[in-house]
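Undergrad: Structure incoming, see below.
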Amino acid sequence: MLEFKDSFFEGETRHGFYIEPMMKQAWAASLEVLAEIDRICKKYAIKYFAYWGTLLGAVRHGGLIPWDDDIDIAMLRPDYQRFMEVAPGEFRESFELISLYTDKDWTDMLYRVINGRCIDLTEEHLKQFHGCPYLVGIDVFPLDYASRDQEEDATQMHLVDLILHAVEVADQYASNLCSPQELVSVLSPIEELCGIHFDINRPFAQQLRILGDQISALYQEQDGDEVGIVVKRITNRPNFHMPKEYYENTVDMPFEQMTIPVPVGYDEILKLMYGDYMQMINCGG
């Protein structure tokens, strides 16, 4: 269990933003989840990185961004899959991994490490998580290799795009908002392209998301020179891919009451994410 000075939990103003004492408790609880991830990663030599606003916070603030309320990390796909394999058997009580493969209602193509499933007011939980009764967790994003063959890369992007559209239709079908014929019209081309058949006894949206995750992981390190988050490239960041050398090594940086590894190419990564990331206005979180 991490040790915090009493002063850590006091409300304070950072960069003009007031942080409530309860938010400090939620931060401390999130850091406990991070410490558990870090413990397992060190045991199995799994590499992870601060990512998104957490990466910005580590570089710009030496901790969480004052107006941020969660922690994000990323792993290269081989480490991502290795952690998903070993972590469930290594977690101490209270911790759990949820993903497309464990929860039929999970909707993200990433997994999340959580400290419980509901509000917990027991003395033991409150002591372990510094007075925070709420569910907290850390999102773990997969970084996948992009094929250096442009045609292969375009085909992969197109197929995942088809799958994401089919997920929307499958969700509508599950809510009785579209017909079976409409669902079949989006599933059939995917079945034909991938040489598969969807199981009518399982949620279609879950099967589609798992397929999208598997196709995102299609290429290995030897196949490409860049990495990125496939879904982000399709949905809102088409240029979000960068040299894999940015992630070859890590640098430990102070992060609240501990340290966190950041990718060696953090400066270039943050510029791609946020532009002039040292500016405080509309940048990060």
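The values are calculated or read from the model by the stated rules, or taken from the named source; none is laboratory data. Computed from a predicted structure; not experimentally measured. Positions of Cβ are backbone-derived with ideal geometry, glycine not excepted, and every protein chain shown enters the neighbour counts. Heavy atoms of the whole protein, side chains included, go into the accessibility calculation; ligands, DNA and RNA do not. Shrake-Rupley method; radii C 1.70, N 1.55, O 1.52, S 1.80 Å.
Undergrad: Taking the stated definitions as given, is ALA170 closer than 28 Å to TYR51 by Cβ and either modelled with pLDDT of 95 or more or in a helix (DSSP H, G or I) (or both)?
TA: No; evaluated as a whole, the condition is false for this residue.
Undergrad: Mind checking which pairs have a first residue in region 204-225 that is over 22 Å from GLN150 (Cα atoms) and a second that is open to solvent by 30 Å² or more (accessible area, probe 1.4 Å) and part of a helix (DSSP H, G or I), Cβ under 6 Å, 6 or more apart or different chains?
TA: Taking only residues 6 or more apart or on different chains, the pairs are ALA205/ASP171.
Undergrad: Surrounded by 22 or more Cβ atoms within 10 Å (Cβ to Cβ), hydrophobic (A, V, I, L, M, F, W, C) and touching a helix residue (DSSP H, G or I) at 6+ places or on another chain (Cβ under 6 Å) - does that describe any residue in region 59-75?
TA: Looking through region 59-75, at least one residue is surrounded by 22 or more Cβ atoms within 10 Å (Cβ to Cβ), hydrophobic (A, V, I, L, M, F, W, C) and touching a helix residue (DSSP H, G or I) at 6+ places or on another chain (Cβ under 6 Å).
Undergrad: Against the definition (modelled with pLDDT under 95 and open to solvent by less than 70 Å² (accessible area, probe 1.4 Å)), how does GLY284 come out, yes or no?
TA: yes
Undergrad: Considering only region 224-247, how many residues are farther than 13 Å from ARG77 by Cα and acidic (Asp, Glu)?
TA: Residues in region 224-247 being farther than 13 Å from ARG77 by Cα and acidic (Asp, Glu): 2 in total.
Undergrad: So which pairs qualify, if the first residue must be in region 101-116 and open to solvent by 50 Å² or more (accessible area, probe 1.4 Å), the second must be part of a loop (DSSP other than H, G, I, E, B), the Cβ gap must be under 7 Å, and the two must be at least 6 apart or on different chains?
TA: Partner pairs satisfying both residue conditions: LYS104/PRO203.
Undergrad: Additional query: Select from region 138-150 the residues that are assigned to a loop (DSSP other than H, G, I, E, B) and not acidic (Asp, Glu) and write down the one among them that is most open to solvent (accessible area, probe 1.4 Å).
TA: Restricting attention to region 138-150, the residues satisfying the condition of being assigned to a loop (DSSP other than H, G, I, E, B) are 147-149.
Pick out the ones that are also not acidic (Asp, Glu) and you get 147-148.
Details: SER147: 12, ARG148: 129 Å².
Here the answer is ARG148.
Undergrad: Right, another one. Kindly provide the set of residues from region 80-94 that are touching a Leu at 6+ places or on another chain (Cβ under 9 Å) and touching a residue at least 24 places away in the same chain (Cβ under 8 Å), ordered by number. Talk me through it step by step, then tell me what you get.
TA: Pass one, region 80-94, residues touching a Leu at 6+ places or on another chain (Cβ under 9 Å): 80, 83-84, 87-88, 91.
TYR80, PHE83, MET84, ALA87, PHE91 - these are the residues of region 80-94 that are touching a Leu at 6+ places or on another chain (Cβ under 9 Å) and touching a residue at least 24 places away in the same chain (Cβ under 8 Å).
Undergrad: Please list, ordered by first then second residue, the pairs with beta carbon atoms under 9 Å, 6 or more apart or interchain, first in region 252-271 and within 10 Å of VAL59 (Cβ to Cβ) and among the aromatic types (Phe, Trp, Tyr), second open to solvent by 20 Å² or more (accessible area, probe 1.4 Å) and in a strand (DSSP E or B).
TA: That search, which allows pairs on different chains as well, returns TYR266/VAL251; TYR266/MET253.
Undergrad: Of LEU135, LEU162, LEU121, which residue is assigned to a helix (DSSP H, G or I) and without any contact (Cβ under 8 Å) to a residue 60 or more places away in the chain?
TA: Result: LEU162 is the single residue among LEU135, LEU162, LEU121 that is assigned to a helix (DSSP H, G or I) and without any contact (Cβ under 8 Å) to a residue 60 or more places away in the chain.
Undergrad: So if I check each of ASP161, ASP153, ASP223, which one is open to solvent by 60 Å² or more (accessible area, probe 1.4 Å) and modelled with pLDDT of 95 or more? Please lay out each step first, then the result.
TA: Numbers: ASP153 fails: open to solvent by 60 Å² or more (accessible area, probe 1.4 Å); ASP223 fails: open to solvent by 60 Å² or more (accessible area, probe 1.4 Å).
Criteria check complete, one pass: ASP161.
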